[in-house]
Amino acid sequence: MTTSLEAPRRVALYARYSTDLQNPMSVEDQFRQAERYAKQQGWTIVERFSDSAVSGTAGRTRPDFSRLSDALHHGTFDIVLAESLDRISRDQEHLAGFYKAAKTARVEVHTVGRGKVDALTLGLSSMMSAMFLEELSDKVRRGIEGKVLKGLSGGGRIYGYRPGTDERGAPVKGTLAIDEIEAAVVRSIFHDYAAGVSPIKIASRLNDEGIPFPSVGSKRKSSGHWKQNTINGNAARGTGILNNELYVGRRIWNRLSYTKHHQTEKKRSTLNPESDWHIVEVPELSIVNQELWDAVKARQAAQTKRRSKVATTDRNGLSSGQTLRRRKYLLSGLLHCGLCEGRMTVAGSGKYKTYYCANAKEKGPSVCTGFRGLRESVALPLVLSGLRDDLMKPEAYARFRDRVHHQLQAAQGTAEDTLRLHDARVRQLEVEERNLVALAKQGLGVQALVDELKKIETDLARLAETRDKILPPEIELPDDLPELYQELMTNLAANLSEETVADRAADELHELVDRIVVHWDESARGHWLAIEGNLGEMLRKSAPEELGAVRDGAIFAEVGCGSRI
C-alpha cells in the first residue's frame, strides 16, 4: 500500500491571455507546456483554470482566477502550475496575496520556466512585472500623444464618427470621418437642448424613435438605452454628447487621467490641469456650428448658476430638489413676504391664481402674521411692463425678425437631419424585410416570421405616411410678421405663461430679477413690490404710468380681491 508521500502530487493548471487581439489558442498552448512539464515531474493534473482576454493587472475580476484562489483552501490539489508568474498576475499586490494564500493552504506555486516559486523568485518577478507595466504604459502614452499632435485619433469609439478611409475606400488607421446618420442624431440633441428640452426628454425621444445607443455594438456594458447622463455628462470633464468638443472641430486629449482603484479595481478618472491638455483644431470633423455650441454652453451655464444659488435647504425648508424643479409659473421662486422674508407660494387657478406667504399659512402667526394675497393677474403685468416697453422699440423688432429668420434656417437644417434619420430607418427595415422573406421561403419558423413581417410592414407604412410632414420647409418670413409681433407684445404675460415656454421664460426672468419682496400697505389698501435686480430700473421708468406708482424706489400696485392670510 502506498503512503500519501508516495502518491502522485495533484496539480491545478492556470493559463491566461491578455486581450482579444492575442491568439485565443495561447491558452491551449500554455496548457500543453504545463501538461508536458507535469508529466515529466510525475504529477497528476486534477483541475484547469483559465481566463481569456483579461489583463494580468486584474484581480478578483478574473472569474477563473477567483475560482482558483477560493479552491486553494479546498484541499483538492497540492500545486498550482502556470507557464510563468506573470500569467498568474502582473500586479505586485495580487501576486503577493495569492502566494501568501497558497502558502497558508500548503499549496506550492510552480512555473514551467523556473520551477518552484520562493520568496526571492516572487520578489524579483513582481519587480520586473511592475517595471514592465510602467514602461509599457509610458510607451503607449507617448505613442497616443504623437498621433494626437499629428491630428489623428487617440483611439476609442466616438459617437458621430466612423473610421476614415482613403480614396480607394481602404481604412486609414488613426483617422476619423463623419457618420452622417449619427451626426444627424448629435445635431438633433444639440438643437433640442438649446431650445429648452431637458436631457431626460431628449433621451426618452431617442429611445422612442429606436435610435441605437452609442455603445451598441461595442464591448461596453450598458443598458442599451439612451439616458440623461449620456447626453448631459459632465461639462468640466468633457463627458456626455453635449460636452464633446470634437463636435465643434476641437480635439482635446489628456483632459483626464485614469487609475484603477486598489480595492474595487474599477477605473477612476481624475481631471488634469488645463496646462496638461493637448488641443488640436480639426475643423473637418465639426458636426455642429459654433453658434449652436455656444447656445448649449450658455444654457448649461445658466443651469449651473441656478443650482449654485440653491443651498441644501432654502429658508423655507425646501430641499434643493424641490427648489430646482421645473418652474410652472413665471414668478415661481421670486416672490418673498415682506414680513418674514419667506417665499410666497401660489394657490388657485386661472384668473383667481393668488400668491400668499407660505410661512403664514403653514406655520401660523407665531412665525408670520401674513397679509392679503396678491393676484398673479396684478403682479405679472406689473413685473413684465418694463420688458414690454423695451421690446416695443424698432430695434427690438429688428432683432426679432432676424431671430425668426435664423430659427427658420435652423428648422430647415433640423428637418434635413430628421429626414436623413427617417430614410435610414426605412432602409434598415427594408433589409430586415428581405432577410425575413428569404428565411420564410426556406420554411424556417414560418409563423414567427409572418408576425415579424407584419410588424415591419406596419412600421414602413407609418414611416411612408410621415415622410411628407418632415420635408425641409421653405425659408420665407410671414407677411404679417409685424402684426404677429405686436400681438405677442400686447399679450406678453399670457404668451410667456404658456406651459411650453413658462419654465424657460422664468429662467430668463430670474437672470434679470434677484427677488421680489411683497409688502402690504394697510393705509393704501394695496401691495407694493420691491424688485431687486437689473429689471428694477426698467420698471421704475415704465410701470408707474400704467399700473401704479413709485414709492421709495419700489413699485406700488393696487391689490385685487384676496383673503387675508
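The values are calculated or read from the model by the stated rules, or taken from the named source; none is laboratory data. In this text, all values refer to a predicted model and were calculated from it rather than measured experimentally. Counting neighbours? That spans all protein chains shown, and the Cβs are built from the backbone with ideal geometry, glycine included. Heads up: the accessible areas ignore ligands, DNA and RNA and are worked out on the full protein's heavy atoms, side chains in. Shrake-Rupley method; radii C 1.70, N 1.55, O 1.52, S 1.80 Å.
On the stretch given as region 354-366, residues that are within 20 Å of residue 519 (Cβ to Cβ) and of a type in the set (D, E, K, R) total 2. Note on region 204-216: among residues that are part of a helix (DSSP H, G or I) and among the charged types (D, E, K, R), the one that is most open to solvent (accessible area, probe 1.4 Å) is 208. Within region 514-532, the set of residues being crowded, with 17+ Cβ neighbours inside 10 Å and either more than 16 Å from residue 373 (Cβ to Cβ) or polar (S, T, N, Q) (or both) comprises 530, 531. Residue 186 meets all of the listed conditions (1) in a loop (DSSP other than H, G, I, E, B); (2) surrounded by 15 or more Cβ atoms within 10 Å (Cβ to Cβ) but one, namely (1). Among residues of region 1-29 that are acidic (Asp, Glu) and at pLDDT below 80, those with a Cβ under 9 angstrom from a residue that is open to solvent by 20 Å² or more (accessible area, probe 1.4 Å) and part of a loop (DSSP other than H, G, I, E, B), sequence gap 6+ or separate chain, pair up as 20/52; 20/53; 20/219.
The residue list 198, 153 contains one member that is within 16 Å of residue 285 (Cα to Cα) and of a type in the set (Gly, Ala, Ser), which is 153. If you filter region 467-482 down to residues that are surrounded by 11 or more Cβ atoms within 10 Å (Cβ to Cβ) and in a helix (DSSP H, G or I), you find that the one that is modelled with the lowest pLDDT is 481. Screening region 348-377 for residues that are open to solvent by 40 Å² or more (accessible area, probe 1.4 Å) and either of a type in the set (A, V, I, L, M) or assigned to a helix (DSSP H, G or I) (or both) and picking the one that is nearest to residue 334 (Cα to Cα) gives 377.
For residues that are of a type in the set (Ser, Thr, Tyr) and open to solvent by 30 Å² or more (accessible area, probe 1.4 Å), scanning just region 75-96, find the one that is nearest to residue 44 (Cα to Cα). Of everything passing the filter in region 75-96, 76 is nearest to residue 44 (Cα to Cα).
The residue pairs whose first member lies in region 98-116 and is over 19 Å from residue 38 (Cα atoms), whose second member is open to solvent by 50 Å² or more (accessible area, probe 1.4 Å), and whose beta carbons are closer than 9 Å, counting only pairs six or more residues apart or on different chains, are 99/119; 101/73; 104/73; 105/73; 105/74. Within region 90-104, the set of residues being at pLDDT 85 or above and not in a helix (DSSP H, G or I) is empty.
Every residue in region 43-63 that is touching a Ser or Thr at 6+ places or on another chain (Cβ under 8 Å) and either at pLDDT 90 or above or open to solvent by 40 Å² or more (accessible area, probe 1.4 Å) (or both), please. Hits for region 43-63 are 46, 47, 53, 55, 60. On the stretch given as region 168-183, residues that are open to solvent by 50 Å² or more (accessible area, probe 1.4 Å) and closer than 17 Å to residue 286 by Cα total 2.
I want to confirm something. Restricting to region 110-167 and keeping residues that are under 19 Å from residue 246 (Cβ atoms) and in a helix (DSSP H, G or I), which single residue is least open to solvent (accessible area, probe 1.4 Å)? Explain how you work it out, then say what you get.
As a first pass, look at region 110-167 and keep what is under 19 Å from residue 246 (Cβ atoms): 144-165.
Okay, now just the ones that are also in a helix (DSSP H, G or I), so 144-149.
On the way: 144: 45, 145: 57, 146: 29, 147: 66, 148: 2, 149: 103 Å².
Among residues in region 110-167 that are under 19 Å from residue 246 (Cβ atoms) and in a helix (DSSP H, G or I), the one least open to solvent (accessible area, probe 1.4 Å) is 148.
Note on region 246-302: residues that are among the polar types (S, T, N, Q) and modelled with pLDDT under 80 amount to 5.
Would you say residue 338 is over 28 Å from residue 357 (Cα atoms), modelled with pLDDT of 90 or more, of a type in the set (Gly, Ala, Ser) and open to solvent by 20 Å² or more (accessible area, probe 1.4 Å)?
Numbers: over 28 Å from residue 357 (Cα atoms): no; modelled with pLDDT of 90 or more: yes; of a type in the set (Gly, Ala, Ser): yes; open to solvent by 20 Å² or more (accessible area, probe 1.4 Å): yes.
Here the answer is no, as residue 338 does not meet what is asked.
Consider residue 201 carefully, then state whether it is closer than 27 Å to residue 256 by Cβ and open to solvent by 60 Å² or more (accessible area, probe 1.4 Å). So residue 201 fails the test. For the structure I just gave you, tell me whether residue 61 is in a loop (DSSP other than H, G, I, E, B), among the β-branched types (Val, Ile, Thr) and within 44 Å of the chain's Cα centre (by Cα). Yes, satisfied.
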